[in-house]
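The values are calculated or read from the model by the stated rules, or taken from the named source; none is laboratory data. Fair warning: this is a prediction, and the values are worked out from it, not measured in the lab. Cβ placement follows ideal geometry from the backbone for every residue including glycine, while neighbour counts extend to all protein chains displayed. Surface areas here come from the heavy atoms of the whole protein model, side chains and all, with no ligands, DNA or RNA. Shrake-Rupley method; radii C 1.70, N 1.55, O 1.52, S 1.80 Å.
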Amino acid sequence: MRPGLLIAQPRTADSLQAVLRASPRPDTTRVRRLQALSQALFMDDAPRSTAVLEQALALSRQLRDSMGMGQELLGLGTRYRRRADYGRARQRTQEAQALFATRRDMVGLANTFLQWSLIENEQANPAAALRAALRGLTYAEKSRNLKIVNRTRVAIGGVYVQLGNYQDALDVLLPIFRNAAALRDEHMVASALNMVGNCYRQLNDQPKALRYLRRSVQLNRKTGDVLNALSDEIRLSELYAGQGKLPQALYYATQARAEAKATKDSYNLPPAELAVARVYLLQGRTDSAVALAEHAFTLSQPSRSNENLRNGSDILAQAYARRGDFANAYRYQRLWGAYKDSVAGIETQRRTSALRYGYELERKQDQIALLTQRQQLQEQKAHQQRQEMRGLLAGLAGLLLLAGLLARNIFLKQRTNRALNEKNEQIAHQRDRLDQALTKLKVAQSQLVQSEKMVALAALTAGVAHEIQNPLNFVNNFSEVSLEMLTELEEARQEPTRDPELEASLLDDLKQNLLRINQHGGRAAGIVRGMLEHAHADPGQRQPVDLNDLAQDYLRLAYHSLQNTHRDFTVARTLDLDPALGSLHVVPQELGRVLLNLFTNAFYAVHQKALLLGPAYTPSVRVRTRRVSGGVELHVRDNGTGIPAVVLDKIFDPFFTTKPPGEGTGLGLWLSYDIITNGYDGTLTVRSEEGAFTEFVVTLPQDQGVPVVAAAAGASEEA
């Protein structure tokens, strides 16, 4: 990176901060200054840059500045993506897409689909990445914005690199350099250089690969893009390792690793450590290779970076095989095969080919529309010529002296008409051929749609298996590690001189492993139990139930469960129960399961908000029942974290959850929705405002209730 750039950015940031402190007025000028400050901090301090842009977004929402909101949402998607925080990157990009769709902003939509493609490609999901890039290219071409067109083509080239279609990638990437140079888009040129260098490396053209990768490093250092410069240096290390030049490979890999650790670059640190581990493996330093590769493998699991997980599995499989540990070598070899198939397997290739086919189909349809317009213009021209001929014939009666000249003109006109008729016949014939081609394309398209439906069905089956397999993998892994620790503990106790600290450390590690085994086993059991409950054939016996009493009992049960986990945490609970509600003819266990799930979710939401706000926040949960026209209603409202608007329509989908990984199966609300809607012909709806409240409303129809007079009009209890 140039020293002048390092100095200029902090000075710019300091100046902007001084201006912001001097002018605290919340207006659009402050929004633009916050955006400029975030950009000044972008290369040197990514966390601060992100926090400042979040402030700008909050102010833009307050001012209803849609232009600023669009820029900030796109910028936040980029920042979270470059920090490997793909969950937040997806959320902000989805919000930007909704905003630009409302405004019908073609350039904005092209940018959001480009962002989607980059997110999916970095997580080694090539089919999803190509789908997003092709949609973005359609919007980019409609907007006639050459810069975003070229950037989208670079993204498409990156997908082909992931798939291993290196010649296709070169066909897309090489023509971009001319347009990028004309636009002076150095970031796009650097990205294309990196990908072209990687293509030539995979095609064993080492001189070209080295030349392009070195140019990419120089350009990224020049623009101050440290993150992409480190990515280039990791590629150079892999290139030298493939050539057997281990000192050069180790130099670039260790340099990239040190700089990634110093800048807390969570995106480049795992691949840098894998590059160092691969060199160690080639040098015969097997233990060092295993330690680094396992650490990189662990770092890559939260972000689900399939490329890092695939490379880490490959290194660990080879290293364990050299150590004679064939059980671990086989396990990591199987993982490597699975990750490889997920990136460039037959099914992925089929889906990406279908996407390209669909894109070409749309292009053919556009050509047909253009030919139809040209034919209409020809018909209009022929009609105009016929009108002119009629005028000439009408003038023959008054221009007998010019009959010869007019006869000659008529002959010429008729010859022209014959030529035009022949052209029209040719156009009609071509149109018929295109219509036939379009019919065949539509048949092929319908076959692709049916194929995609079958893929979706297979994905649902695989999703259920995957949800169960994840916790089982953790149980197996921690069990194996615990067995090794027990063996080590037995050997330590047989030593002549025992080491109490080592034994205590091993026992503590065993305890932690057993706790994790218990947690993940409970998660797997929860998933299986939820699926069995949903598929249970015996619906139970319906009986009269007082909904008010049932709500109080399960609210108390959920609260006691909360306090067993968080003893010092209290929640204000309010009951507003309709005394004339009556009894319901239902299965108590089913309706109780719905209530317990709603109450547990409410307590979880207020606890999460309490962790953020501290003593200044008073958590509360309110339960209200009432008789309405045609049925009864039960409301459960909390003042917790709320649900983001972008995921509100997915809240009742199976396996969808807003909780962190490991804290929810995503089946509770799905089962509750199924019980209420399919079991009792009722409704289960939700209203929420992020950061303010969430309210679920259960409605049961009139024929479920038998009105009676209750004793109490309502109650309130404070925890």
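Only residues that are in a helix (DSSP H, G or I) and either hydrophobic (A, V, I, L, M, F, W, C) or within 15 Å of Asp638 (Cβ to Cβ) (or both) were counted in the range 574-600, giving 8.
For Leu671, the criteria (1) modelled with pLDDT of 90 or more; (2) open to solvent by less than 30 Å² (accessible area, probe 1.4 Å); (3) within 20 Å of Tyr554 (Cα to Cα) hold in every case but one, which is (1). Given Leu282, Leu250, Leu274, which one is of a type in the set (A, V, I, L, M), within 27 Å of the chain's Cα centre (by Cα), modelled with pLDDT of 85 or more and part of a helix (DSSP H, G or I)? Going through Leu282, Leu250, Leu274 in turn, just one is of a type in the set (A, V, I, L, M), within 27 Å of the chain's Cα centre (by Cα), modelled with pLDDT of 85 or more and part of a helix (DSSP H, G or I): Leu274.
For the range 554-594, residues that are open to solvent by less than 50 Å² (accessible area, probe 1.4 Å), out of contact with any Lys or Arg (no Cβ under 8 Å at 6 or more places or on another chain) and within 15 Å of Gln541 (Cα to Cα) total 5. Here the condition is being under 19 Å from the mean Cα position of the chain (by Cα), within 30 Å of Leu309 (Cβ to Cβ) and open to solvent by 20 Å² or more (accessible area, probe 1.4 Å); of Asn111, Asn194, Asn165, it holds for Asn111 alone. Before we move on, is Thr665 modelled with pLDDT under 95, crowded, with 19+ Cβ neighbours inside 10 Å and hydroxyl-bearing (Ser, Thr, Tyr)? It is true that Thr665 is modelled with pLDDT under 95, crowded, with 19+ Cβ neighbours inside 10 Å and hydroxyl-bearing (Ser, Thr, Tyr).
Let's see how each residue does on (1) open to solvent by less than 80 Å² (accessible area, probe 1.4 Å); (2) at pLDDT below 80:
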{"site": "Leu448", "(1), (2)": "yes, yes"}
{"site": "Leu460", "(1), (2)": "no, yes"}
{"site": "Asn470", "(1), (2)": "yes, yes"}
{"site": "Glu490", "(1), (2)": "no, no"}
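Candidates in the range 627-649 are the residues that are closer than 11 Å to Phe696 by Cβ and not acidic (Asp, Glu); of these, the one that is surrounded by the most Cβ atoms within 10 Å (Cβ to Cβ) is Leu634. When the range 232-267 is limited to residues that are open to solvent by less than 30 Å² (accessible area, probe 1.4 Å) and not hydrophobic (A, V, I, L, M, F, W, C), the one that is nearest to Asp185 (Cα to Cα) turns out to be Asp232. For the range 174-189, how many residues meet the condition of being in a helix (DSSP H, G or I) and modelled with pLDDT under 80? Counting residues in the range 174-189 that are in a helix (DSSP H, G or I) and modelled with pLDDT under 80 gives 11.
If I go through the range 597-612 residue by residue, how many of them are at pLDDT 90 or above and open to solvent by 50 Å² or more (accessible area, probe 1.4 Å)? Final tally of qualifying residues: 3.
Rundown of residues vs (1) more than 25 Å from the chain's Cα centre (by Cα); (2) modelled with pLDDT of 80 or more, yes/no style:
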{"residue": "Ala296", "(1), (2)": "no, yes"}
{"residue": "Leu316", "(1), (2)": "yes, yes"}
{"residue": "Gly324", "(1), (2)": "yes, yes"}
{"residue": "Asn328", "(1), (2)": "yes, yes"}
{"residue": "Leu335", "(1), (2)": "no, no"}
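When each of Glu689, Glu718, Glu695 is tested for being exposed (fewer than 14 other Cβ atoms within 10 Å of the Cβ) and at pLDDT 90 or above, the lone residue that passes is Glu689.
It is to be established whether one or more residues within the range 631-650 are at pLDDT below 80, farther than 27 Å from Arg556 by Cβ and not acidic (Asp, Glu).
No; the residues of the range 631-650 include none that is at pLDDT below 80, farther than 27 Å from Arg556 by Cβ and not acidic (Asp, Glu).
Answer with yes or no whether Gly679 is open to solvent by less than 50 Å² (accessible area, probe 1.4 Å), among the small types (Gly, Ala, Ser) and either modelled with pLDDT of 90 or more or under 30 Å from the mean Cα position of the chain (by Cα) (or both). Considered against the rule, which asks whether it is open to solvent by less than 50 Å² (accessible area, probe 1.4 Å), among the small types (Gly, Ala, Ser) and either modelled with pLDDT of 90 or more or under 30 Å from the mean Cα position of the chain (by Cα) (or both), Gly679 comes out as no.
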